[in-house]
């Protein structure tokens, strides 16, 4: 397995090799630390993390709690995924027999449906009876959808039975959302019987969740981890800022955005000078809630924000399900220096429970190293990136080993997963101060052991 | 993965396909049942199970609690093995940092040393600092052993420090035995500090353990499982009997053996008649304690026992480490109808914690379908048998799918593992009635939920 091909990392110069060495020298400390963290914090059922590897910096840029690309994982990743799902089921509800999967409403996207089929296969292999229940109002009776390769999915309408959500003749112990609830929290899922486990919890949906809250938690996790392995936390953490009252259709109101972009670019410039990095700093402006690569732009200078044309402004103003964007996160742009088949590539790490179960490269031949790759024209390359993220090879030369590169991607992916665990604890509406999105009180803030 | 090659099962006629169908139709019930069993019973740290597939019958014939063939697993099995070991460490001692591996004494067997190296890799990848401590008295200082492929092992002498077993500058939290203690329980491992976890426990060693106790527990497990999937327990369970006072060098004293062989052959004959099986029944006589395929013979008629020549009798009388055999188990012989590369083959399933992590075929071209294959001249074929034992494919035609065959092997392997868990509970010297090898009292007998 040491002969796996690994994408060329154009900028793999001094700092990244030093960083890799630090991680590989600290494997026992890192794994011990993760074990203790997972005693304190409950991992989400699943998640995927988009990473960007700039050579001088390796950082998560997005953390998805409703991952939609399981079909892009290599077949080789399946056994580990099933094993991890078994662990999750044993932990959450060992007595479970029936699981209800609630997918996105857009039931005509074949790629997404293949993801649902792959999830059904993983979950069924753990020995659960799995059925699919849709939130789509137009779905009024059980409907069979044919997929490429003779696969078929039966999607059924959800019903409410007292405090439980059910299908006809199917009362599930576990309801697993693969729907990010961008359109709001559906009534049918509210106030469920505590015996019916809903995963992830409703406040993980994008109508409640904010990227800036996630990255605030990640700040903490990255800080503690950086102390453990003795690196500058900036090497694994993108700087960010937030504006809560943006109206893209009224440029005058965007002073906050212009000033935050300016300050963030200055902070990045300073870091680049410290490490003698010859890149042009940039930031990514995106909706603080939401997904699917919509409402994202690359900005190299604050003046670009004021100069947006009408089309660009409209594009930024509305994301998935027609939601208006008023809250944005401004995130340090991390250039991607990985290339796969001549396209700029970014690794996406998939996790179930606290285990990395695989990943792939998102590749976009039409985009630059400083652009969002989650856009039409992208494709996915599972590469050698199956479930070999837990096999560091301490004897390999720095920079040369795919196993080591993927192990490190798995470590950063798990840091983001841990941040998501903290985020879900802190923003749990059951904790005071969480529902109004104010800062959590210190009494509800779990400590992160260093 | 559905195109994996699968060895030809010559006798795959009616009954085995019916059995396969029953198992595949019951996957949710089976996995649910296993989950509940593992709430009640603690799985051994690891284990391997030898299976024999007769077509009409699929049964474990040996269960090893100190598995020695991890090097025979496919490289593809490594990620699942690491993940399972992580689960085991999290369960047993999440705070563990250092693990001491105690291998067999015979440090010159390259195959065995490759197994040790593979175990070190799996355990190190979980983030534990792993070192190797030897019980061999001739090893008085740290010794580096070179292995094929530039790999090296550092083996160090064990020391005792108060109630802890240590190496120089290495005080481990966990001591993992890969030594089956055939020669007796070494003093250096006795009476350890309860904070130093010894795995498997000392009473798993062959100086205490008896195959007949294991198969008594397996009887129970197989009975409960057979009710669950509604098959005759005999289809997954070899009949057996035991003689406690055998002296192979004094044929006159072996009345017990002759009569037990006779009775067992009659019982098998009856089953063969019931299922219209056109095979000649046979039994395997082997030492009730011990391993390595020594002291094993195939018997088709009780008269063969009385007619043993001197050489055969000597061979049966002494097993590994010069131990004399006085207790034997007489086990129903399960012919193996699987062939790999023209050699008779039997699957060996490897497990860590409660997960199947891989397996291989033990192949012996010079042996018959009714003979022990664990003998000089055997070789190992990891085949497509990596970690795909948890991916049943309910849509495949019965008998046609490697995934389904391996899933079923994994199920039977886990039944034997569960029997080993029961065995270790019941024969724990901490429970009354266990040390004298009498039947455990009912108060120490954990119930097996059906």
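Is the shape of the stretch A:264-382 rounded, prolate or oblate, going by the alpha carbon gyration tensor and its root eigenvalues a ≥ b ≥ c, with a/c under 1.5 for rounded and a/b larger than b/c for prolate? Numbers along the way, then the final one.
Numbers: a/c = 1.61, a/b = 1.12, b/c = 1.43.
Oblate, because a/c is 1.5 or more while a/b does not exceed b/c.
Grab the alpha carbons of the stretch A:71-180, take their convex hull, and tell me the volume per residue in Å³. Please list the in-between numbers first.
Details: hull volume 12.4 nm³, N = 110.
Looking at the stretch A:71-180, the number lands at 113 Å³ per residue.
How big is D, in µm² s⁻¹, for the stretch B:63-107 by Stokes-Einstein at 20 °C and 1.002 mPa s if Rh is the Kirkwood radius over C-alpha pairs? Don't skip to the end; give the middle numbers.
Values: Rh = 12.7 Å.
The diffusion coefficient I find is 169 µm²/s.
Using the 7 Å Cα-to-Cβ label point, sort the distances from residue B:109 to its equivalents in the other copies shortest first and give them in nm to one decimal.
Shortest to longest, the spacings are 5.6 nm.
With N set to the number of residues, divide the alpha-carbon radius of gyration of the stretch B:171-265 by 2.2 N^0.38 Å and report two decimals. Walk me through the intermediate numbers first.
Values: Rg = 18.8 Å, N = 95, 2.2 N^0.38 = 12.4 Å.
Compactness ratio reported: 1.52.
Hey, for residue B:154 with labels 7 Å out along Cα-Cβ, what do the inter-copy distances come to in nm, ordered shortest first?
6.0
Report the dimensions of the stretch A:209-251 along its three principal axes from the alpha-carbon atoms, largest first, rounded to Å.
Principal-axis extents of the Cα atoms in the stretch A:209-251, largest first: 46, 20, 9 Å.
So what are the stretch A:263-306's ellipsoid semi-axes, whole angstrom, largest first, if each one is the square root of 5 times an eigenvalue of the alpha-carbon gyration tensor?
On the way: eigenvalues 112, 28, 15 Å².
Its equivalent ellipsoid spans semi-axes of 24, 12, 9 Å.
Quick one, can you get me the convex hull of the C-alpha atoms of the stretch A:146-195 expressed as volume per residue in Å³?
Cα convex hull per residue, to the nearest whole number: 119 Å³.
For B:32-45, what's the mean count of beta carbons from other chains sitting within 10 Å of each residue's beta carbon? Intermediate results must be reported in sequence, preceding the final value.
Values: counts 10, 1, 4, 11, 2, 0, 2, 3, 0, 0, 0, 0, 0, 0.
Mean partner-chain Cβ count within 10 Å for B:32-45: 2.
Quickly estimate the mean residue ellipticity at 222 nm for chain B, helices only: each DSSP H run with n ≥ 4 gives -39500 (n - 2.57), and the total goes over all residues, rounded to 500. If you can, show how the numbers build up before the last one.
Working: 9 runs with 133 residues, N = 450.
So the calculated ellipticity at 222 nm is -9500 deg cm²/dmol.
Ratio of Rg to Rh for chain A, alpha carbon only, Kirkwood?
Using Cα coordinates only, the ratio equals 0.95.
From the square roots a ≥ b ≥ c of the eigenvalues of the alpha-carbon gyration tensor of the stretch A:34-116, which class results: rounded (a/c under 1.5), prolate (a/b over b/c), or oblate?
On the way: a/c = 1.84, a/b = 1.07, b/c = 1.71.
It is oblate, given that a/c is not under 1.5 and a/b is not larger than b/c.
Provide an ascending nm list, one decimal, of label-point separations from residue A:376 to the equivalent residue in each further copy; define each label point as 7 Å from Cα along Cα→Cβ.
Sorted ascending, the copy-to-copy spacings read 7.2 nm.
Can you tell me the Rg and Dmax of the stretch A:96-242, counting just the alpha carbons, in angstroms?
Cα radius of gyration and Dmax of the stretch A:96-242 are 18.7, 57 Å respectively.
In whole angstrom, note down how far apart the Cα centers of the stretch B:63-140 and the stretch A:217-284 are.
44 Å
Can you give the Rg to Rh ratio for the protein assembly as shown, taking only C-alpha atoms and Rh from Kirkwood? Don't skip to the answer; put the middle values down first.
Working: Rg = 29.9 Å, Rh = 29.7 Å.
Checking Rg against Rh, the ratio lands at 1.01.
With chain B treated as a Gaussian network of Cα nodes joined by springs under 10 Å, which of B:152, B:98, B:210 yields the largest mean-square fluctuation?
B:152
Of the listed peptides A:109-118, B:177-186, A:346-355, A:60-69, what is their order by residue-averaged count of other C-beta atoms within 10 Å, with the highest listed first?
Numbers: A:109-118: 17.7, B:177-186: 19.2, A:346-355: 26.0, A:60-69: 23.0.
In decreasing order of mean packing, A:109-118, B:177-186, A:346-355, A:60-69 become A:346-355, A:60-69, B:177-186, A:109-118.
Each reported figure results from applying straightforward, stated rules to the coordinates on display, with no laboratory input. In this text, all values refer to a predicted model and were calculated from it rather than measured experimentally. When we count neighbours, we look across all protein chains shown, and the Cβ atoms used for this are built from the backbone with ideal geometry, even at glycine.
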